[in-house]
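Each remark here refers to the structure printed beneath this line.
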Amino acid sequence: MIQAENVVKLFDGFRALDGASLTVPTGSVYGLVGPNGAGKSTIIRHLTGIYRQDSGTVRMNGEDVWENPALKEKIAAIPDDWFYFNPSTVRDMMRFYRGFYPKFSLERYEKLKEVFQIDEKRVIRRLSKGMQKQVAFWLTLCCMPEFLILDEPVDGLDPVMRRQVWSLVMGDVSQNGTTVLVSSHNLRELEDVCDHVGIMDHGKVLLERSLEQLQDNMVKLQVVFPEDVTEVPPELPVLHASKTGRVHTLIMRMNASDAEEAVRAYRPLLAEAVPLTLEEIFIYELGGVDYEVKNILL
Amino acid sequence: MKSRTSFFNPTLYRKNLTRFWTLWGLTAFFGALVPISGITMRLNGLLDMNAAEFALLYYDGVCYFAPAATLCYAILCAQAVWSYLYNARSVGMMHTLPISREGLFVTNFLSGLTMVAIPWAVVGVLCVILSLMCGAFSWGPLFLTVLCVLAEGVLYFSTATAAAFVTGNVFALPAFYFLFHFLAPMLDALITTFSSNMIFGLSTRVYTGVVDWLSPTVYIMKNVSPNSVYVERPIPGHPDITESVLQSVTLEKAWLIGVYMLVGLALLGVAYALYRYRKSECAGEVIAMRWGRPVFRYGISALFALGGGQLLYILLFNSFDIDESPYQVLPLIFCMFLSGAIGYYATSMLLAKTSRVFKGSLRGLSIVAAGCVAVCCVVGFDLLGVARRVPSADSLKYIRLYTANNTYYLLPGDDDAVIEELRDVHKAIIADRDYIQNELKNDSQKGEIDFTKNAYVTFRVCYYLKNGLSVYRDYFLWLDKDRMAEPGTYDNALDRFINSTEMKLRRLRFNDPRFKVEHGNISLQLRDDGFELSSRELEEILYAISEDTKAGAWGQYDWFENDASTYAVYLNFWYGVQDSMIPRSIDNIAVYLRPGMTSTINCLKKLGYLKDSDLITRAEMQKIWEERDKMLNPSDFSEEIDPSEITLEDIVYPSDEVSTETAAVFPQTAPVTEPVTNPNAPDSQDSSPQTPAESSAASSAN
């Protein structure tokens, strides 16, 4: 389990993290979302032991991350701007990683060579940005981490390679129980892979839920009322309503069956629950707590 | 639970060496060129060195070349191995790796040190090969050299490492490193120049050297030196001709390098502590520690104010006339503030990484202005009484006085009366401060100076106090013959003091138990020849001079004397100080032969050193030289020179305490030779070593 509690980090007086807390259950894929400058990369740098928090705790499996090489052997990370030595080849960097990570798997390295199809003797600097990202995944996954921390991991990858990479990560999660924390400013990107989601802004984790919780707690209902009901009855607990022709789309904070039960009293011609996107869930969740959602979800 | 802390990672060590192989490889290549050329010369039969010559070569390298070379090379190695600290991406990657900061520190330090050592190892191995080829291999000097070079490597790389953790910017690193190594001498020069132009009595000082020990490079180069012993040997096949052969070499004060290495290791500890608390996010910052930023900002502002302020003052107000005119307080405040403000904003821009630093800078600028005003006022108006200070007689351990081309030591007890007179002279000089400064300031407007009525004189006094401190004052005085007759003027007080019976006797140090003449020589300038004098000869000559002194032919110091009337013959005597109160020192006096010194002339003739043909005045000698030059180069000699304008300085190197110091260090560095004695002298058994300091002998005309 990854656990950060009340983490505060100041940069020259600016509170980059302002009591951020998050919990990533073991074996889960946690999506950390937020706009630029929300503090996602900052908290990730705490989780990987780069930064030391001014206050609060950052732990994995109950151990402090800071200056804990034994724990860090289990952590692998891909930052948004992955660093490699100049002018190293893929193979050079592989040797370097192998010297630090005791579980580094050469066997996997050879297998992934087929997946990424990058000449390991090529100088990394001469590869395209997307290919460099692939090298980062290649080497990081060979470290066989228990904790995989990814900061904007698929930026620069083409759609096919994105799917490939996620497939590899999901494979690790299912086979090895790897705990994954992935940050993004794009909810749509995470929708298919995450089972937990946290949202950050202004140095705080505003909200974190499992996907199941989110979907149970909110519903999007498409309703066609009889002709005498032209507006949504005010008695209904609607977070948001819109109308296209005679079809009303209602967002309600309750599960699907309760929502259908609630509108039944108005003899609807049609009442059908449709799946909410993650983006919609967060818009309405945060809108409900008086938050300027449009600033978070781009 | 934390576990498995490793202090060394071989992968990182190898990576550093392979990443930066071009750095150490090229350095080793260029370093190797010297011994390789030696090997080539040896193979061609052009080089033959003995073991002592190899030792001298090694030690010269340790003392002079290695400090300078390692100073420059170590910073490049530090920039290489610590480069990851200065980039957010690289510092992120390195600190994500499963290795503690201790591990990173130790591994990177060792790899950097290896990079420093590799070129030296290559050069060392090649030197050993060369020495084996010459049949001159010797373990001792090699072992000491290896130790010293390693110690210097540790010293310089440790200081570079310490500098690396102060900053977060790879370009600031060498600046801090060199600042660390040379800040003390630089401040010494700046403060000394400042005070010498502001404080009356420190007028001729440029650099004191009292803080040289804070600059390892300067201190090692000045204090660690090879001591070579030479012997005179006949050249094979030419029994009458001898050559100097290096017999043995020792490395003096090599322990200093060890001490500095320990200092380097202490700084390494500081660097490690800084790393422990260093924040990764400071990558890119000029100063890594938050608390260091005001120190940097105001420290650099102060340096700018002190250095740039003086430069600006000289440019704008002084017309480069720094030796003659003391700084004026108000213009200096303006210049210092202007320079300090430039330094303040420059550092603010570096720290903020933007040029928009003017808003809200009033407080900082006020501090800079207040500092400039405070320093200039305190020093310029002598608020601390430094310029007026004359130490009380009861606080003195001893006094060293240099004036009238002579050095005098005065001890409380024996010399109480003389000390009191000296203090009175000093007080008279201080009282006439404005007059002295005005005379020197208006020097350029005086037109042609009549040196039969006026003279420039140095009055340099150092009071060594019982508390271990010393008060040093150095005045450049303008003497006027008319004022000299007026009681109450410093001119009068100085003349009465120097030409008092007591001081005349002291000038020769004859029968003074505190001083023993240790060696001396005679210089015959017309012949361009000179001879060392034996101790018996010295005694005889000194006795003869004392007879002339009693007869009034020598001893009276004439401030306005025309040097051209003295003979082109002078004697130099070096005295050892016997008194336990005064530190071991060798002082010298030069006696110029003049008409009327019959006892001395007869004595020298009797000893076989002097012929009648040597007894020509300097003016006559100058005429002879001119005639010779006219004959040799008639086209180059178009202007007549008035012999009356000839001064001693035109002919010989001027006397100063420098020559005394040269003589003082000579016994440690001079080759031990067979004595060079006067072949005509009847008894030249006892002799002293011939010294290279002869050429810089003093020129006091008495």
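Readers should treat all values here as calculations from the given coordinates under stated rules, not as data from a laboratory. Here the structure is a predicted model, which is why all the values come from computation and not from measurement. Note: ideal-geometry Cβ built from the backbone for every residue, glycine included; neighbour counts use all protein chains shown.
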Using the Cα gyration tensor of segment B:292-380, with a ≥ b ≥ c the square roots of its eigenvalues, what is the shape: rounded (a/c below 1.5), prolate (a/b larger than b/c) or oblate (neither)?
-> prolate
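Over chain B, what is the relative contact order in percent, taking alpha-carbon pairs closer than 8 angstrom and at least six residues apart?
11
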5 angstrom amide H check on B:H519, placed H, neighbours 5+ away = B:W574
Mind listing the long-range amide H neighbours of B:S470? Cut-off is under 5 Å, sequence gap 5 or more, other chains count too, H placed in the peptide plane at 1.01 Å from N.
-> B:L465
Assign one of three labels to chain A, namely rounded, prolate or oblate, based on the Cα gyration tensor with a ≥ b ≥ c the square roots of its eigenvalues; rounded applies when a/c is under 1.5, prolate when it is not and a/b is larger than b/c, and oblate otherwise.
-> prolate
Can you pull the one-decimal nm distance between simple spin-label points at B:R290 and B:Q247, each 7 Å off the Cα toward Cβ?
-> 6.7
Cα convex hull volume per residue for segment B:431-522, in Å³, equals 189
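Below 8 Å between Cα atoms, with a sequence gap of 6+, how large is the relative contact order for segment A:214-295 in percent?
Once divided by the residue count of segment A:214-295, the mean separation gives 39 percent.
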Segment B:56-215 shape via C-alpha gyration tensor axes, a/c threshold 1.5 | oblate
Length gained, B:I129-B:T501, 0.36 nm per residue minus C-alpha separation, equals 127.2 nm
Applied in sequence order to segment B:424-429, the curve 6.51 cos²θ - 1.76 cosθ + 1.60 (Karplus, θ = phi - 60°) yields integer Hz couplings, x standing for Gly and Pro, of 5, 4, 4, 5, 5, 5
Quantify how strongly other chains surround peptide A:69-77 by giving the mean number of their Cβ atoms within 10 Å of each of its Cβ atoms.
-> 5
Order by neighbour count: A:T244, A:T179, fewest other Cβ atoms within 10 Å first, most last.
-> A:T244, A:T179
Across segment B:367-489, how large is the tail of the calculated P(r) beyond 23 Å, expressed as a percent of all Cα pairs?
-> 44
For segment A:75-91, 3J(HN,Hα) per residue [Karplus equation, 6.51 cos²θ - 1.76 cosθ + 1.60, θ = phi - 60°, Hz, x = Gly/Pro] | 10, 10, 9, 10, x, 5, 10, 5, 9, 9, 6, 9, x, 7, 8, 4, 5
Debye intensity ratio in log₁₀ form over the Cα atoms of the protein assembly as shown, taken at each q of 0.06, 0.08, 0.10 Å⁻¹ = -0.69, -0.98, -1.26
Out of residues 5 or more away from B:S225 or on other chains, whose amide H comes under 5 Å of its own, with H placed 1.01 Å from N in the peptide plane?
-> B:E252
Rg ratio (alpha-carbon, reference 2.2 N^0.38 Å) - segment A:168-241 = 1.63
Diffing segment B:292-298: the Karplus 3J(HN,Hα) column from phi (6.51, -1.76, 1.60, θ = phi - 60°), in whole Hz with x for Gly and Pro, holds x, 5, x, 4, 5, 4, 7
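Of the listed pairs A:K74/B:K15; A:K40/A:K133; A:K9/A:K72; B:K15/B:K353; A:K129/A:K220, which have alpha-carbon separations greater than 28 Å here?
The answer is B:K15/B:K353; A:K129/A:K220.
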For chain B, state the average projected area of the convex hull of the C-alpha atoms over all orientations, rounded to one decimal in nm².
-> 40.5
Taking all pairs of distinct alpha-carbon atoms in segment A:214-295, Kirkwood radius in angstrom | 13.0
Once label points are set 7 Å from the Cα along Cα→Cβ at both B:L43 and B:K605, what is their separation, rounded to one decimal in nm?
-> 6.8
Simple spin-label model, 7 Å along Cα-to-Cβ: A:E212 to B:L183 in nm?
-> 6.2
